[in-house]
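As structure tokens, the structure follows; a few thoughts come after it.
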């Protein structure tokens, strides 16, 4: 399957839920009026897009309907999709890797798919011709290093690791040294899956950030946060909490296939002004792609 087919398949629950409700609304209304727009707004809120974002989308849609004199059901749907895309395209979604080396720090709470995402992105970068080193700096969780090593081997990239329980910042320090020695293009650093309420883990993130800044001050730096789409509105709160500690530059979206809450992506981007950079669309190592707003919106609204 191509990426769009995988995305469409993965977003099946979200699409089925959204389309059924949207089609139901249009079947109950003979004209495009305020009542129809209110119903659409409620559907967007129920799809975990979020109240503020849903209100903003419908407000823009109302304006367009008035100016463009839209009365056709398909034209309303198309305008709705375009307004969603405008939100998703507000921020640049490409990876910024301008220097050699460049650094990608990957953060997120436990269980969101951080380790598998790192393996898939490393594979993606290696296939594009880049030399990649992975730092196993999640030294708090049992078996985290071993899991990352399995994914690094699958991706065909180097891994820098130490025993469980050591200072994560020291792993990153060693990884930077090896990255320089090997003249690698990209260093990807794993971090402990933090609950944003655990202050000592958040402090560890800051420490890792200081090591990277000291050792590679001129390097391009991306801090990508992995989000589990099944958590819905809670994901928005997670992003806000992490933003207070580290400068999140992009999001990696996982587990879309397990939820009808895929619309939360639009709310997260809108409320935090952070782009989605990657989306996982399956379990295999090639099932991670650069986010495409047009394909995403077409996959949730037909």
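No lab work stands behind these numbers, since they all come straight from the coordinates. All figures in this text were calculated on a predicted structure; none of them were measured in a lab. Here the Cβ is made from the backbone with ideal geometry for all residues, glycine too, and neighbour counts use every protein chain on show.
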If you take all C-alpha pairs in the stretch 154-254, what percent of them are over 16 Å apart?
62
Starting from the 7 Å offset along Cα-to-Cβ, what nm value, one decimal, do you get for the label separation of residue 286 and residue 72?
3.9
Report the paramagnetic label zone for residue 38: residues of the stretch 14-32 whose backbone N is under 20 Å from a point 7 Å from Cα along the Cα-to-Cβ axis.
21-32
Please work out the FRET efficiency for the pair residue 178 and residue 271, using the Cβ-Cβ distance as r and a Förster radius of 41 Å; give the result to the nearest 0.05.
0.60
Cβ-based exposure ranking for 40, 205, in which fewest neighbours within 10 Å come first
205, 40
In 5 Å bins starting at 0, how do the alpha-carbon pair distances of the stretch 77-156 split up by percent?
3, 12, 19, 18, 15, 12, 9, 7, 4, 1
What whole-number volume per residue, in cubic angstrom, does the convex hull of the C-alpha atoms of the chain give?
122
Scaled to the compact-protein estimate 2.2 N^0.38 Å, what is the alpha-carbon radius of gyration of the stretch 33-132, rounded to two decimal places?
1.57
How would the stretch 111-194 be classified by its alpha-carbon gyration tensor: rounded, prolate or oblate, with rounded meaning a/c under 1.5 and the a/b versus b/c comparison settling the rest?
oblate
Note the full-extension length gain between residue 24 and residue 302 as 0.36 nm times their separation in residues minus their Cα-Cα distance, in nm to one decimal.
98.7 nm
Rough spin-label spacing in nm, given labels placed 7 Å along Cα→Cβ, for residue 86 and residue 127
3.5
Kindly express, to the nearest 10 degrees and within the range 0 to 90, the angle between helix 199-215's C-alpha long axis and the longest C-alpha principal axis of the chain.
70
Could you rank the peptides 262-268, 286-292 by their average count of other C-beta atoms within 10 Å per residue, with the highest value first?
262-268, 286-292
How big is the gap, in Å, between the Cα center of the stretch 80-100 and the Cα center of the stretch 121-173?
27
How far is helix 12-28 tilted, in degrees, relative to the longest principal axis of the Cα atoms in the chain, given as a value from 0 to 90 rounded to the nearest 10?
20
For the chain, longest principal axis from Cα atoms; helix 144-155 axis from its Cα atoms; angle between them, nearest 10 degrees, is 80
Once the Cβ-Cβ distance between residue 210 and residue 241 is put in as r, and R0 is 25 Å, what FRET efficiency do you end up with, to the nearest 0.05?
0.80
Sorted by Cβ neighbour density within 10 Å, fewest at the top, the residues 96, 49
96, 49
Arrange the peptides 269-282, 68-81 so that the one whose residues have, on average, the most other Cβ atoms within 10 Å appears first.
269-282, 68-81
Where a ≥ b ≥ c are the square roots of the eigenvalues of the C-alpha gyration tensor, would you call the stretch 1-64 rounded, which needs a/c under 1.5, or, failing that, prolate if a/b is larger than b/c, or oblate?
prolate
